[in-house]
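**Student:** Questions regarding the structure given below will be posed in turn.
Laboratory data are not the source of any read-out in this text; all were calculated from the coordinates shown. All values derive from a computational prediction rather than experimental measurement. Note that we place each Cβ from the backbone using ideal geometry, even for glycine, and neighbour counts take in every protein chain shown.
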Amino acid sequence: MESLRLLLVSFEFPPYPLAGTGMYTLNLVNNLKNHEVTLITPNHKGEIKEPINKNLILKKVDLSYKEAKVNRSFIDKKTLFSLKAKKLIKTLNLKDYDIMHSITLRDGAFLDYNYMNKYLKTIISVNDYYIIGSSWNPLSFEMTTDFPLRYFHHNIMKHFYFKALRNCNRIIPNTNYVGNIIEKKANIDPSKIKVVNRGINLSRFEVEPDKNKYNSHNVLFIGPNAERKGAIYVVKAAKEILNKFPNSTFTIIGSCSYFYKNKIKSFIKENNIENKFEFIPHLPQQELTKFYKRANAFVMPSIMEAFGQVYLEAMSAKTPVIGTNVGGVSDIITKDVGYLVPPRNSNEIAEDIIEIFSDSKKAKLLGENGRKRVKEKFSIERMVKETVDVYKSVLN
């Protein structure tokens, strides 16, 4: 097939701090080299430090005026971006493109699919299930420190998500688990759903471990939404780990609500282990490598998790990983690379970390197996090929 003319939509793109979705966007546009790619993205302020495909055409949406910062506000910057992208798309000659691909369901929630479908094929990538799977029954909703705001936000946004999913031509979930949730909750024909696991830039994290890595007794947690990612269960596991390995240290990288942060700090203070913890609110992707290099174990015991790109990053750096048996995590973590534990289970987290710390040879083997698994199953090349296959299938 000849070169495709692609119109992509993504809020996250450099210089915006890159989490999993931003890295997915960057990896995709940089490797669609044989196709004509146009990306609609905000006019984020700052210096672009990432290498960008020189043939990429950027169309910027102006979000320079003051906007709400709370991620679950109904008028936050991501909602504004989707609304403004809708307006921008209607100024374009859509006959110049073969496909519109929204990188996330949030980015595509407010686009006009009935209008776009007259001129091109429309695709949405779905990277999580938290809003799709939410319930109006408060007893079935995950209890968090920001429960009221999250409860109403999720259930109202779900209406727009379902409308977008039903009106687009194809859906790309990042795991089978997310695909099944979409099929059941939004009542989508399974033939419309094509799963593509994310890939990562292995060279970014394929670094040689520190000399003392497998005896460092350093536990690393990284999670931009620390409450959903289960940070407090790592903290609660610390006491048992320190009883066995008093020289252990814990690095927590991620953001959370004021109330959740106080909950964590209160526990640490009550147990007199403040000097064992290092808290870092946020770091750019390129600065995470040094933490992966030295970590003896990586732990992210999510309460809910669609995929978990940070597991792949840790595995690329030859770090044993511990995750929870929720969502799509089992697509990544096998017994050869680490451990799966039930959610909210500090005791099992402690047991598995102690096992890793007790056997440096096993820790090293888990780490080496992890890098091998990422190379074989989660490469960018595989992700791009499968994504292009979806593009071709929707056109045919």
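**Student:** Using label points projected 7 Å from each Cα along Cα→Cβ, tell me how many nm separate SER203 and LYS385, to one decimal.
**Tutor:** Placing both labels 7 Å along Cα→Cβ, they lie 1.9 nm apart.
**Student:** For the stretch 202-377, with only Lys/Arg (+1) and Asp/Glu (-1) charged at the beta-carbon, what is the dipole magnitude about the Cα centre, in debye rounded to 20?
**Tutor:** Numbers: 27 positive and 20 negative charges, 45 e Å.
Using Cβ point charges on Lys, Arg, Asp and Glu, the stretch 202-377 gives about 220 debye.
**Student:** Give or take rounding to whole Å, what are the principal axis extents of the alpha carbon atoms in the stretch 261-396, in descending order?
**Tutor:** Between the extreme Cα coordinates on each principal axis of the stretch 261-396 lie 63, 36, 30 Å.
**Student:** Where in the chain are the DSSP H helices whose C-alpha atoms run 27 Å or more along the long axis and whose mean Kyte hydropathy is at least -1.0? Walk me through the intermediate numbers first.
**Tutor:** Details: long enough: 147-167 (30 Å, -0.50).
Qualifying helices, which must be both long enough and hydrophobic enough, are 147-167.
**Student:** To the nearest 20 Debye, how big is the dipole of the chain about its Cα centre, given +1 on the beta carbon of each Lys and Arg and -1 on that of each Asp and Glu?
**Tutor:** Numbers: 60 positive and 40 negative charges, 135 e Å.
Roughly 640 debye, rounded to the nearest 20.
**Student:** Also, quick follow-up: Straight-line reach only, C-alpha to C-alpha below 15 angstrom: list the aspartates and glutamates that LYS54 could link to, leaving out same-chain residues fewer than 8 apart.
**Tutor:** GLU36
**Student:** Sort THR38, THR334, THR175 so that the residue with the fewest other Cβ atoms within 10 Å of its own Cβ comes first and the one with the most comes last.
**Tutor:** Ordered by Cβ neighbours within 10 Å, fewest first: THR334, THR38, THR175.
**Student:** Taking amide H atoms as placed 1.01 Å from N in the peptide plane, list the residues 5 or more away in sequence, or in a different chain, whose amide H sits under 5 Å from that of VAL341.
**Tutor:** Those lying under 5 Å, H to H, from VAL341 are GLY323, THR324, ASN325.
**Student:** Mind ordering 209-219, 46-56 by average Cβ neighbours within 10 Å, highest first? Provide the component values of the computation, followed by the final result.
**Tutor:** Working: 209-219: 19.0, 46-56: 11.5.
Highest to lowest by the protection proxy: 209-219, 46-56.
**Student:** For Cα pairs less than 8 Å apart in space and 6+ apart in sequence, what is the mean separation divided by the residue count of the chain, i.e. the relative contact order in percent?
**Tutor:** Working: 753 pairs, mean separation 58.9, N = 396.
Reported relative contact order: 15 percent.
**Student:** Counting alpha carbon pairs within less than 8 Å and at least 6 residues apart, what relative contact order, in whole percent, applies to the stretch 125-198? Don't skip to the answer; put the middle values down first.
**Tutor:** Values: 82 pairs, mean separation 28.0, N = 74.
Here the relative contact order equals 38 percent.
**Student:** Check cross-link reach from LYS84 to the aspartates and glutamates: straight Cα distance under 18 Å, and skip same-chain residues fewer than eight apart.
**Tutor:** Candidates past the 8-residue exclusion: GLU12, ASP62, GLU67, ASP76, ASP107, ASP112.
**Student:** Please check: in the Gaussian network model of the chain (C-alpha springs, under 10 Å), which one of ASN296, ASN225, ASN174 has the largest mean-square fluctuation.
**Tutor:** Residue with maximal mean-square fluctuation among ASN296, ASN225, ASN174: ASN225.
**Student:** So for ILE349, ILE181, fewest C-beta neighbours within 10 Å to most, what's the order? Walk me through the intermediate numbers first.
**Tutor:** Values: ILE349 27, ILE181 21.
Ordered from fewest to most neighbouring Cβ atoms within 10 Å, ILE349, ILE181 come out as ILE181, ILE349.
**Student:** Going by average Cβ density within 10 Å per residue, which order do the peptides 159-171, 81-93, 303-315 take, highest to lowest? Please list the in-between numbers first.
**Tutor:** Values: 159-171: 19.2, 81-93: 16.1, 303-315: 25.5.
Most protected by this proxy first, the peptides run 303-315, 159-171, 81-93.
**Student:** Right, something else. Between HIS282 and GLU36, 0.36 nm times their residue separation minus their Cα-Cα distance comes to what? Don't jump to the answer; show the numbers that get you there.
**Tutor:** Values: separation 246, 0.36 × 246 = 88.56 nm, distance 3.39 nm.
Residue separation times 0.36 nm, minus the Cα-Cα distance, leaves 85.2 nm.
**Student:** Please give me the summed charge of the neighbours of ASN218: other residues whose Cβ is under 13 Å from its Cβ, Lys and Arg +1, Asp and Glu -1. Walk me through the numbers on the way to the answer.
**Tutor:** Details: positive: LYS213, LYS276, LYS290, LYS293, ARG294; negative: ASP210, GLU278.
Local charge sum for ASN218: +3.
**Student:** Among the lysines, which have Cα under 18 Å from the Cα of LYS90 when same-chain residues fewer than 8 positions away are ignored?
**Tutor:** Result set, ordered by chain and number: LYS59, LYS60, LYS118, LYS121.
**Student:** Could you sort out which of LYS276/LYS361; LYS158/LYS276; LYS78/LYS263; LYS45/LYS293 sit more than 32 Å apart by Cα distance in this structure? If you can, show how the numbers build up before the last one.
**Tutor:** On the way: LYS276/LYS361 25 Å; LYS158/LYS276 41 Å; LYS78/LYS263 29 Å; LYS45/LYS293 30 Å.
Pairs exceeding 32 Å: LYS158/LYS276.
**Student:** How much length is gained on full extension from PHE152 to LYS45, taking 0.36 nm per residue of separation minus their Cα-Cα distance?
**Tutor:** On the way: separation 107, 0.36 × 107 = 38.52 nm, distance 3.07 nm.
Result: 35.4 nm gained on full extension.
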